[in-house]
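Colleague: The structure that follows is given in the form of structure tokens.
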Amino acid sequence: MTGGEAGRELIRLQDLVKIYDTGSLRVLGLDRINLRISRGEFVAIMGHSGSGKSTLMNILGCLDRPTLGHYYLDGTDVAEMTPDELSAIRNRKIGFVFQSFNLISRMTIEKNVEVPMIYGRVRPAERKQRARELLETVGLLSRMEHEPNELSGGQRQRVAIARALANRPPLLLADEPTGNLDSQASVEIMELFARLHQQGVTVVVVTHEENIAAYTHRIITFQDGRLISDEINEHPTPISEHRGLSGRMS
Ligand SMILES: Nc1ncnc2c1ncn2[C@@H]1O[C@H](COP(=O)(O)OP(=O)(O)OP(=O)(O)O)[C@@H](O)[C@H]1O
Ligand SMILES: [Mg+2]
């Protein structure tokens, strides 16, 4: 999908600090983070509630800005970009998946997948074509005329992943994507991420659960806004070769 250039640096955080200033109270969300992630990596971010995982993801996804320090995305310092440049880079380089899916109700899943392409100025015929290919990738082509509330949680999350991939971003960020799913659906989501990683997409997933993180190749742990460990996972959970996704049958 977005292969090639594997191993080249995609993300670099340098002494990155995030302070939330809510008037009377200042909260240190992230405390001097230094981190590099290369193209093609498959990374888990772990840590207790309040440790800074979502704060990190929002900065990586250019949804929020650091208070101090630098975030270089593909070599460009995000702090120096204008709001217009930031939204352009977000659209081109980043797909974001949320715990609560965030699909648009009363819109077919095919249209949901097309939405980022409208912002990306993709022509209508190509939008339709690409939306179908993406729904095929996540095993939901047969459901393309359905609306989100007609699908299971796991299927909705797969639509959200298809939508996140619409503009073929090199980076896929997922903040607790399995947080609302049962264990079977969670496995399907992680296997999908593993396959996308095999196709060259850089995937960063936040999770509380060891067995979810076990699918990834590198596990980074946060505590109280600090990065406290960064380990290679030598034996990632293998993905099943022949198992179809539920929904393909329907
Ligand atoms: N918008 C905000 N305003 C003020 N403080 C915030 C804000 N967002 C997060 N924080 C604080 O920053 C710290 C890190 O929060 P963050 O949401 O990044 O944690 P998390 O690791 O994602 O937790 P969880 O596992 O519960 O999702 C917490 O102390 C939190 O209260
Ligand atoms: Mg969070």
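The values are calculated or read from the model by the stated rules, or taken from the named source; none is laboratory data. Remember, predicted model here, so these are calculated numbers, not experimental data. Virtual Cβ from ideal backbone geometry, glycine too; neighbours counted across all protein chains shown. In case anyone asks, the SASA skips ligands and DNA or RNA and just uses the protein heavy atoms, side chains included. Shrake-Rupley method; radii C 1.70, N 1.55, O 1.52, S 1.80 Å.
Colleague: Could you please report the charge total around GLU176, scoring K, R as +1 and D, E as -1 over all other residues with beta-carbon less than 10 angstrom from its beta-carbon?
Modeller: Numbers: positive: LYS53; negative: ASP175, GLU209.
Neighbour charge sum, excluding GLU176 itself: -1.
Colleague: Going by amide H atoms built from the backbone, whose H comes under 5 Å of the H on GLN223, apart from near neighbours?
Modeller: Amide H neighbours of GLN223, under 5 Å, 5+ apart: ILE228.
Colleague: Here is a further query. Select from LEU73, MET46, LEU86 the residue farthest towards the positive end of the dipole of the chain; place +1 on Cβ of Lys and Arg, -1 on Cβ of Asp and Glu, and compute about the Cα centre.
Modeller: Toward the positive end, the furthest listed residue is LEU86.
Colleague: What are the residues whose amide H is under 5 Å from the amide H of ALA44, where those residues sit 5 or more places off or on another chain and H is modelled from the backbone?
Modeller: Sorted by chain and number, the residues that satisfy this are VAL205, HIS217, ARG218, ILE219, ILE220.
Colleague: With springs only between Cα atoms under 10 Å, which of ARG26, ARG168, ARG132 fluctuates most in a Gaussian network model of the chain?
Modeller: Maximum fluctuation in the GNM of the chain, among the listed residues, is at ARG26.
Colleague: Using unit Cβ charges (K, R positive; D, E negative) and no other charged atoms, how large, in debye to the nearest 20, is the dipole of the chain about its Cα centre? Walk me through the intermediate numbers first.
Modeller: Numbers: 30 positive and 32 negative charges, 153 e Å.
Here the chain has a charge dipole of around 740 debye.
Colleague: Check the straight Cα-Cα distances from LYS18 and name the lysines below 21 Å, setting aside those fewer than 8 residues away within the same chain.
Modeller: LYS53
Colleague: Return the tail of the calculated pair distribution for the chain, meaning the percent of Cα-Cα pairs more than 26 Å apart. Don't skip to the end; give the middle numbers.
Modeller: Numbers: 11870 of 31125 pairs.
Value for the chain: 38 percent of Cα pairs lie more than 26 Å apart.
Colleague: Now a separate question. Mind checking the full-extension length gain between ASP230 and MET107? Use 0.36 nm per residue of separation minus the Cα-Cα distance, one decimal, nm. Could you put the intermediate results ahead of the total?
Modeller: Working: separation 123, 0.36 × 123 = 44.28 nm, distance 4.09 nm.
Stretched out fully, the ASP230 to MET107 stretch lengthens by 40.2 nm.
Colleague: Can you return the aspartates and glutamates within cross-link range of LYS128? Criterion is Cα-Cα under 13 Å, with same-chain partners fewer than 8 residues away left out.
Modeller: LYS128 reaches GLU110, GLU114, GLU136, GLU145.
Colleague: What whole-number volume per residue, in cubic angstrom, does the convex hull of the C-alpha atoms of the range 5-141 give? Present the calculation step by step, with values, prior to reporting the outcome.
Modeller: Values: hull volume 22.1 nm³, N = 137.
Hull volume normalised by residue count: 162 Å³.
Colleague: Separate question: Any idea of GLU126's accessible area? Nearest 10 Å², probe 1.4 Å.
Modeller: 60 Å²
Colleague: Please compute the Kirkwood hydrodynamic radius of the range 99-235 from all pairs of different C-alpha atoms, in Å with one decimal. Please report the intermediate quantities before stating the final value.
Modeller: Values: mean 1/r = 0.0637 Å⁻¹.
Radius from the Kirkwood sum: 15.7 Å.
Colleague: Still on this model: Once each part is reduced to its C-alpha centroid, what is the distance from the range 1-79 to the range 83-124 in angstrom?
Modeller: When both Cα centres are located, 21 Å separates them.
Colleague: What 222 nm value per residue comes from the helices of the chain, counting each DSSP H run with n ≥ 4 as -39,500 (n - 2.57) and dividing by all residues, nearest 500 deg cm²/dmol? Before the final figure, lay out each step's value.
Modeller: Working: 7 runs with 76 residues, N = 250.
Rounded to the nearest 500, it is -9000 deg cm²/dmol.
Colleague: Follow-up. Would you mind telling me which residue in GLN223, GLN157, GLN129 has the biggest mean-square fluctuation in a Gaussian network model of the chain, where springs connect alpha carbons within a distance under 10 angstrom?
Modeller: Evaluated over the chain, the most mobile residue of the options is GLN129.
Colleague: While we're here: Among VAL27, VAL206, VAL122, whose mean-square fluctuation peaks in a Gaussian network model of the chain (Cα, cutoff 10 Å)?
Modeller: VAL27
Colleague: Full extension from HIS70 to THR82: what is 0.36 nm times the residue separation minus their Cα-Cα distance, to one decimal in nm?
Modeller: Details: separation 12, 0.36 × 12 = 4.32 nm, distance 1.50 nm.
Stretched fully, the HIS70-THR82 segment lengthens by 2.8 nm.
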